[in-house]
Each structure stands twice: as C-alpha cells, then as structure tokens.
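These notes are about the structure you will find just below.
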Amino acid sequence: MGRAFEFRKERKFKRWGHMAKTFTKIGKEITIAVKQGGPDVVGNPRLRALIQTARSENMPKENIERAIKRASEKDQSDYKEVVYEGYGPFGIAVLVETATDNTTRTVANVRSYFTKCGGSLGTSGSVSFMFDHKSVFKVKSAQPVDIDELTLELIDYGVDEIFEEIDEETEEKSYVIYGDFTAFGQIQKYIEDNGFELVSGAFERIPNVELKHITPEQRETINKLVDKLEEDEDVQNVYTTMAFD
C-alpha cells in the first residue's frame, strides 16, 4: 500500500479533539460549501458529502440544518479558506489549512505559534509543493469488493489508491478512495451511481517528499506546535513532513 495508507493510519489517531470542536469545524466547511455551491444538496455534491461526513461524526441533524440555514443568510459572515505555510523546528515543513472570517487575527495567531515553538511562518508556496492535494472518500458496500478491479475501473475517474479499512470497535469494513483534488465531483458521482454507501468525503494533503525522521524528543517539540495550531478555532487541518515513526 502507498503513502496515503500510511498517512491515514497515522492521522486517524489524531482526530479533531472533543465533539463540540468537531461540529464547529464541519459547520464551517458546510458554510463554505453552501456559499460556493448553494444550499440545494442535489446540485451541490460537496455539500452532500459534508452532510454524510457530519452524520458519520454523529453531528445532530438540527446542527446540520442550522449550519445550512445560517450560510444561506445574507448577513452571515463569509469564511475564507486560507493556507499558511512554514517550517517548524528541525526542518519539518508545516502546512496549515484555515477557515476564517478574520484573516488579520488568524495570521497573527498562526505566526505566534510558529515563533513560540522555534519555527517560522513562510510565504505562500514555500512548502505547499511538498504535499499533494487529494480527494478522499470513505464508502461501504453491501456486496464484496475486489479492490484491484475497482481501482482499475476508477483510474479514468482520477483515482490513484483504494484500500480497505476495518473499524477496531465494530469490525465493520469500509473502503477508502484517494484521487485527484480536481476529481472530487466525478468520483463522488461514481460512488453514488454504483450502489456504494458514502460515509464521508473530504480533502487531504499527502506529503510527496521523503519524510524526515527525528528523535522522540524532537517529535515532542513538533507535536507542541501542531497541538497549538489545532487548538486554534480558525484552524481546520495541520500537515507536516515528519516521519510516522
């Protein structure tokens, strides 16, 4: 299995904190999806996928409906998706995805976290080339799935990796599909048209460079920076080039 599998295995142990914070982050993504594609789930595949993601995280139906309604209101603040890039200690590249209604506040906070942890905020493009931007879907199937055959069938849809994932608590089997960032809509359409149950749909950044191995003590220092960033209410995701071990 490839880099995406190892990356996902590492990140699944670093979920979005407590439940309230998870709901806040999904709510922001719903707001952005509605602003970009409208509140009609039929014509907005990104919104459909986010609703499924929200349900998989046990987000109450009324919270989902409230987020869509608020996003449709004219006086609702617009969230901007802004990516910040920099280096943490020991030469580790760090990419930070944010959703903010106040970029002045966000950039000041992000810069302070880098500085306090011995890193530095860089310019746009300084580390983003080290990460591939990917569409990622989690699906279930009532029928047996031959992963090799499915992968071959989906290559033309922009898919480059599929692997099986088993829930350690329920032992339920699901399949994770990675594809091109620009292929999100067509991959989702295939999933919906071919009898799969869509569990979640999102975007992820996968490091495309050799990951840097550091000592346990150095890893602890990098994790302090990552934790500070992830605790910020404007931050959606944090990615690094730190090795998984």
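Of note:
- Note on the chain: Kirkwood radius taken over Cα pairs, Stokes-Einstein applied at 37 °C and 0.692 mPa s, translational D equal to 172 µm² s⁻¹.
- When shorter helices are ignored and each DSSP H run of at least 4 residues is given -39500 (n - 2.57), the per-residue value for the chain at 222 nm works out to -13000 deg cm²/dmol.
- Summing charges over neighbours of F114, with a neighbour being any other residue whose Cβ is under 11 Å away from its Cβ, gives +2 when K and R count +1 and D and E count -1.
- The local environment of T215, defined by Cβ-Cβ distances under 15 Å, has a net charge of 0 under the rule Lys, Arg +1 and Asp, Glu -1.
- Of the listed residues S128, S120, the order by accessible area with a 1.4 Å probe, largest first, is S120, S128.
- Heavy-atom accessible area for R48, with the other protein chains in place and a 1.4 Å probe, reaches approximately 60 Å².
- Whether the range 114-224 is rounded, prolate or oblate, judged on the alpha carbon gyration tensor where a/c under 1.5 counts as rounded: prolate
- Exceeding the 20 Å Cα-Cα cut-off - candidates K35/K138; K25/K80; K138/K189; K25/K212; K28/K116: K35/K138; K25/K212; K28/K116
- Given charges at Cβ of Lys, Arg, Asp, Glu: the chain dipole, positive-most of I32, V107, S141: V107
- Packing-based ranking, highest mean first, of 132-145, 228-241 given that Cβ atoms within 10 Å are counted: 228-241, 132-145
- Spin-label model, E171/T104: points 7 Å from Cα along the beta carbon direction are separated by 5.8 nm.
- The string of couplings for the range 111-123 from the Karplus curve (6.51, -1.76, 1.60, θ = phi - 60°) is 4, 5, 5, 4, 5, 5, 9, x, x, 8, 6, x, 8 Hz, one whole number per residue in order, with x for Gly and Pro.
- What the Cα convex hull of the range 111-154 gives, in volume per residue, is 156 Å³.
- DSSP bridge orientation in the chain - percent antiparallel, rounded to nearest 5: 95
- For A243, the amide hydrogen comes within under 5 Å of the amide hydrogens of K212, H213, I214, counting only partners 5 or more places away or on other chains and with H modelled in the peptide plane.
The values are calculated or read from the model by the stated rules, or taken from the named source; none is laboratory data. Because the structure is predicted, anything quoted here is derived from the model rather than measured. For neighbour counting, all protein chains shown are included, and Cβ atoms are generated from backbone atoms with ideal geometry for every residue, glycine included. Remember, those area values only see protein heavy atoms, side chains included, never the ligands or the DNA or RNA. Shrake-Rupley method; radii C 1.70, N 1.55, O 1.52, S 1.80 Å.
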